[in-house]
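Below is one structure; the comments refer to it alone.
The values are calculated or read from the model by the stated rules, or taken from the named source; none is laboratory data. Bear in mind that the values here come from a model prediction, so they are computed numbers and not experimental data. Here the Cβ positions follow ideal geometry from the backbone for every residue, glycine too, while neighbour counts run over all protein chains shown.
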Amino acid sequence: MTEDHSVMPGLLMEGISHRYGRDSVLHGLDLTIARGEITCLLGPSGCGKTTSLRVVAGLEPIQGGRVDIAGMEVSRPGYLVPPEHRRVGLMFQDYALFPHMRVIDNVAFGLREGDKSSKQSAAMELLARLGLECYARDFPHALSGGEQQRVALARALAPRPIVMLLDEPFSGLDRRLRDQVRNDTLDILREMSVATLLVTHDAEEAMLMADRIVLMREGSIVQSGTASELYAQPESAFATSFFGEVNVLEGIAQGGRVATPMGTLAAPYQDGIQVRVYVRPEGLRLKEEIGGEDDNAGAEILESHMLGPARLIRLKPDDEIGPLTARTIDGPQWETGKRVRIRLDPERSFVFPATQEA
């Protein structure tokens, strides 16, 4: 009978609190990752992402809560299972390969069971799965950055970890190579049913990689869900702004709505409350200004740039609301200097109290 890894326990973090001296960096963090699931911790620098990884790895004790791996407790206040006994794989930005060891010996280094021959056989199998068998006898300095990254991945996977921790592992690669290596990494992590916790500050990378994104701020989880949920249904101004550029408009809630020069939107707040409207660039709908007034705001196109299948447009509205940025796939008709009318797409526009920090 085949095991269903998707429901097997992987990683549990429950009520994790941690501080460095007087500085509290994690506040009651709760997170569960199933075997085979890839979860991304996303957030600005200093929000507690890397500390969360270090807690799971056993590199930091905790002051509150507990960590379980495969259903076994490995951390609680006053109790810490050493990193080497946790079945956790670690991969960080610098790869940390041993320069004096050949590639195959780097990969075999973490294997504790078997003789030298069986360890090298297991290492060669992993290298072959990553397309690196021809580099087995080379030293790390002879490899490209992408090849070194895959060797580091093979070394981390060699002991068959239950949990894999990755801290911004692709940040040192150029964009084309990063996409290729990232896809190779995801394929093998899912194939081996590893519960994966990835740290990044790059929202696009998180959306490309993760089954689930956990957005953090100042040591707490702000929102958790799929990429589609966080992008299309943000629960705060911070979450809205973190996933790319937004246009910001000011308004006043009245009768459950807020009026803008480009249309009204739902604003479920007390009458008279000052609100901010956050509009994604694709939430600005353009049409040609043919003549006559309508309910949409008039504007002049200041700049128009082709970005592959999309066009990025900077607009100067007639109303005193500052320049706006639109993204459209309508075609090349939006030329600099052209007059247009703008309306808001409610599905890409979000309203929050002005007192809420973005």
Practice item. Might you check whether a residue that is under 30 Å from Ala239 (Cβ atoms) and surrounded by 16 or more Cβ atoms within 10 Å (Cβ to Cβ) occurs anywhere in region 1-8? Key: no
**Study point:** Matching residues in region 277-311 - criterion: being in contact (Cβ under 8 Å) with a residue 12 or more places away in the chain and more than 20 Å from Arg327 (Cβ to Cβ)
**Key:** Asp294, Asp295
Revision key, fill the gap. The strands (runs of 3 or more DSSP E) lying wholly within region 245-354 that contain at least 3 residues that are over 23 Å from Glu235 (Cβ atoms) are 284-288, 297-307, 310-317, 324-328, 339-344
Practice item. Could you grab the pairs with beta carbons closer than 6 Å, sequence gap of 6+ or different chains, first residue in region 135-151 and among the basic types (Lys, Arg), second one assigned to a loop (DSSP other than H, G, I, E, B) and surrounded by 15 or more Cβ atoms within 10 Å (Cβ to Cβ)? Key: Arg137/Arg102; Arg150/Leu130; Arg150/Leu132
Revision key, fill the gap. Among residues of region 1-37 being among the polar types (S, T, N, Q) and within 22 Å of Pro61 (Cβ to Cβ), the residue modelled with the lowest pLDDT is Ser24
Review point. In region 32-59, what residues are out of contact with any helix residue (DSSP H, G or I) (no Cβ under 8 Å at 6 or more places or on another chain), buried (at least 19 other Cβ atoms within 10 Å of the Cβ) and assigned to a strand (DSSP E or B)?
Key: Ile33, Thr39
Exercise for review: Select the helices (runs of 4 or more DSSP H) contained entirely in region 84-168, then report the ones holding at least 2 residues which are under 17 Å from Val194 (Cβ atoms).
Suggested key: 116-129, 145-157
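Condition (residue is assigned by TED's automatic domain parsing to the domain that holds Ser349, under 14 Å from Arg343 (Cβ atoms) and surrounded by 17 or more Cβ atoms within 10 Å (Cβ to Cβ)) applied to region 301-311: is it met by at least one residue?
As a first pass, look at region 301-311 and keep what is assigned by TED's automatic domain parsing to the domain that holds Ser349: 301-311.
When the remaining residues are screened for being under 14 Å from Arg343 (Cβ atoms), the result is none.
No.
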Review point. If we keep just the residues of region 307-354 that are over 18 Å from Ala259 (Cα atoms) and of a type in the set (Val, Ile, Thr), which is modelled with the lowest pLDDT?
Key: Ile329
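Would you call Leu189 over 23 Å from Val88 (Cα atoms), aliphatic (A, V, I, L, M), part of a helix (DSSP H, G or I) and under 22 Å from the mean Cα position of the chain (by Cα)?
So Leu189 does not fit the description; no.
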Study note, to complete from the structure: Filter region 196-245 for residues that are hydroxyl-bearing (Ser, Thr, Tyr) and closer than 25 Å to Val351 by Cβ; the one that is surrounded by the most Cβ atoms within 10 Å (Cβ to Cβ) is Thr240
Exercise for review: Those residues that are touching a helix residue (DSSP H, G or I) at 6+ places or on another chain (Cβ under 6 Å) and on the phi > 0 side of the Ramachandran plot, I need them from region 60-101; list them, please.
Suggested key: Tyr95
